[in-house]
């Protein structure tokens, strides 16, 4: 199991553990960083001596990365020998590599790739809704499409945040049902979602609501530079989506090309502002950021002035 989202990996391991319990398998957890590689080797070799199958969960297998100290050369050779005959082991071995990438040049990593079923847990934004929906259905929890979209939006389209919020809602749901109202009452809007709403309302010329949201963010201590950065990201997405649409790309193609959540592309394509106007706003934000950082502006009022020009 390879992927830097530790929360997602833990969630998947928990599901595997439940399946193992149903099959009455003994569970063994070895953390290579705290327990050491000798403990891992001893546990895996033990598998040849007993007939009972176990679920062996190997956490933090640092020997698969480029940062393996030379002092572990002996243990790495022993693991290579064990993994070359992994099919002969009675145990089910699950290695949880919560790393951005493995050192695929290593002989051991190549051996793992050849002898293990390698699952990459990195999820692309446009896959998020389908995967979360499957997780929730697997738990026997009911949720409408609209409520699921709200959950993902309020989790900022980040998988580990989605799962964390989902588990929180699952524990307080009535009759195994998560409603949109339950989500809105218990999960706050994220910073980027709040700022996203500010610019959306300004683009719709709803300046009163946009200013109220901006005041809320400033009262909560959000730095003007943070706000500008999110505004810039939002405008860049709008411009890029519109340019791609002009070039003949459909909504699905734009989602995959930009690797963002489909809902954001849908909103971007609905926006009626011209590409020229959006580019002018981007340039304006760059200038505002420079003037704020260089001390030309001493208060946050310049952000309100910006919203009026939107």
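The values are calculated or read from the model by the stated rules, or taken from the named source; none is laboratory data. Being a predicted model, the structure only gives us computed values, none of them experimental. Here the Cβ is made from the backbone with ideal geometry for all residues, glycine too, and neighbour counts use every protein chain on show.
Among the listed residues 177, 205, which satisfies the condition of being loosely packed, with under 14 Cβ neighbours inside 10 Å and either closer than 22 Å to residue 10 by Cα or touching a strand residue (DSSP E or B) at 6+ places or on another chain (Cβ under 7 Å) (or both)?
177
Would you mind telling me which numbered condition in (1) loosely packed, with under 14 Cβ neighbours inside 10 Å; (2) modelled with pLDDT under 90 residue 129 fails?
If we test residue 129 against (1) loosely packed, with under 14 Cβ neighbours inside 10 Å; (2) modelled with pLDDT under 90, just (1) comes out false.
Tell me the residue from 259, 274 that is free of Cβ contacts under 8 Å to residues at least 12 places away in the same chain and either closer than 22 Å to residue 216 by Cβ or not assigned by TED's automatic domain parsing to the domain that holds residue 153 (or both), please.
Among 259, 274, only 274 is free of Cβ contacts under 8 Å to residues at least 12 places away in the same chain and either closer than 22 Å to residue 216 by Cβ or not assigned by TED's automatic domain parsing to the domain that holds residue 153 (or both).
Which condition does residue 221 not pass, out of (1) more than 30 Å from residue 18 (Cβ to Cβ); (2) modelled with pLDDT under 90; (3) in contact with a helix residue (DSSP H, G or I) (Cβ under 6 Å, 6 or more places away or on another chain), if it passes all the others?
(3)
Does the stretch 237-266 hold any residues that are out of contact with any helix residue (DSSP H, G or I) (no Cβ under 7 Å at 6 or more places or on another chain) and closer than 25 Å to residue 155 by Cα, and which are they?
Within the stretch 237-266, 252, 253 qualify.
Quick one: count up the residues across the stretch 133-174 that are outside any helix (DSSP H, G or I), in contact (Cβ under 8 Å) with a residue 24 or more places away in the chain and either more than 23 Å from residue 262 (Cα to Cα) or touching a helix residue (DSSP H, G or I) at 6+ places or on another chain (Cβ under 8 Å) (or both).
Summing the residues that are outside any helix (DSSP H, G or I), in contact (Cβ under 8 Å) with a residue 24 or more places away in the chain and either more than 23 Å from residue 262 (Cα to Cα) or touching a helix residue (DSSP H, G or I) at 6+ places or on another chain (Cβ under 8 Å) (or both) in the stretch 133-174 gives 9.
Residue under question is residue 101, and the condition is that it be modelled with pLDDT under 90, surrounded by 13 or more Cβ atoms within 10 Å (Cβ to Cβ) and either outside the structural domain of residue 180 (by TED's automatic domain parsing) or part of a helix (DSSP H, G or I) (or both); does it hold?
The answer is yes for residue 101.
Can you tell me which residue in the stretch 267-285 is modelled with the lowest pLDDT, limited to those that are loosely packed, with under 12 Cβ neighbours inside 10 Å and touching a helix residue (DSSP H, G or I) at 6+ places or on another chain (Cβ under 9 Å)?
272
Go through 253, 284 for me and flag whichever is within 25 Å of the chain's Cα centre (by Cα) and either assigned to a helix (DSSP H, G or I) or assigned by TED's automatic domain parsing to the domain that holds residue 154 (or both).
Checking each option against the conditions leaves just 253.
Of the numbered conditions (1) closer than 21 Å to residue 126 by Cα; (2) part of a helix (DSSP H, G or I), residue 218 fails exactly one; give the number of that condition.
(1)
If you take the residues in the stretch 286-303 that are at pLDDT 90 or above and under 13 Å from residue 214 (Cβ atoms), which one is surrounded by the fewest Cβ atoms within 10 Å (Cβ to Cβ)?
The extreme case among them is 302.
Which of the residues spanning the stretch 39-96 are without any contact (Cβ under 8 Å) to a residue 40 or more places away in the chain, outside any helix (DSSP H, G or I) and surrounded by 17 or more Cβ atoms within 10 Å (Cβ to Cβ)?
54, 55, 56, 58, 59, 60, 61, 68
Collect the residues in the stretch 106-122 that are surrounded by fewer than 17 Cβ atoms within 10 Å (Cβ to Cβ) and either in contact (Cβ under 8 Å) with a residue 12 or more places away in the chain or in a helix (DSSP H, G or I) (or both), keeping them in residue-number order.
107, 110, 113, 114, 115, 116, 118, 119, 120, 122
Suppose we filter the stretch 1-38 for residues that are over 14 Å from residue 95 (Cα atoms), assigned to a helix (DSSP H, G or I) and touching a strand residue (DSSP E or B) at 6+ places or on another chain (Cβ under 8 Å); how many remain?
Residues in the stretch 1-38 being over 14 Å from residue 95 (Cα atoms), assigned to a helix (DSSP H, G or I) and touching a strand residue (DSSP E or B) at 6+ places or on another chain (Cβ under 8 Å): 2 in total.
Please tell me if residue 228 is assigned to a helix (DSSP H, G or I), touching a helix residue (DSSP H, G or I) at 6+ places or on another chain (Cβ under 6 Å), within 23 Å of residue 149 (Cα to Cα) and in contact (Cβ under 8 Å) with a residue 12 or more places away in the chain.
Against the criterion (assigned to a helix (DSSP H, G or I), touching a helix residue (DSSP H, G or I) at 6+ places or on another chain (Cβ under 6 Å), within 23 Å of residue 149 (Cα to Cα) and in contact (Cβ under 8 Å) with a residue 12 or more places away in the chain), residue 228 does not qualify.
Being in a helix (DSSP H, G or I) and closer than 18 Å to residue 201 by Cβ is the filter here, so list the residues in the stretch 287-310 that pass it.
Answer for the stretch 287-310, where residues must be in a helix (DSSP H, G or I) and closer than 18 Å to residue 201 by Cβ: 303, 304, 305, 306, 307, 308, 309.
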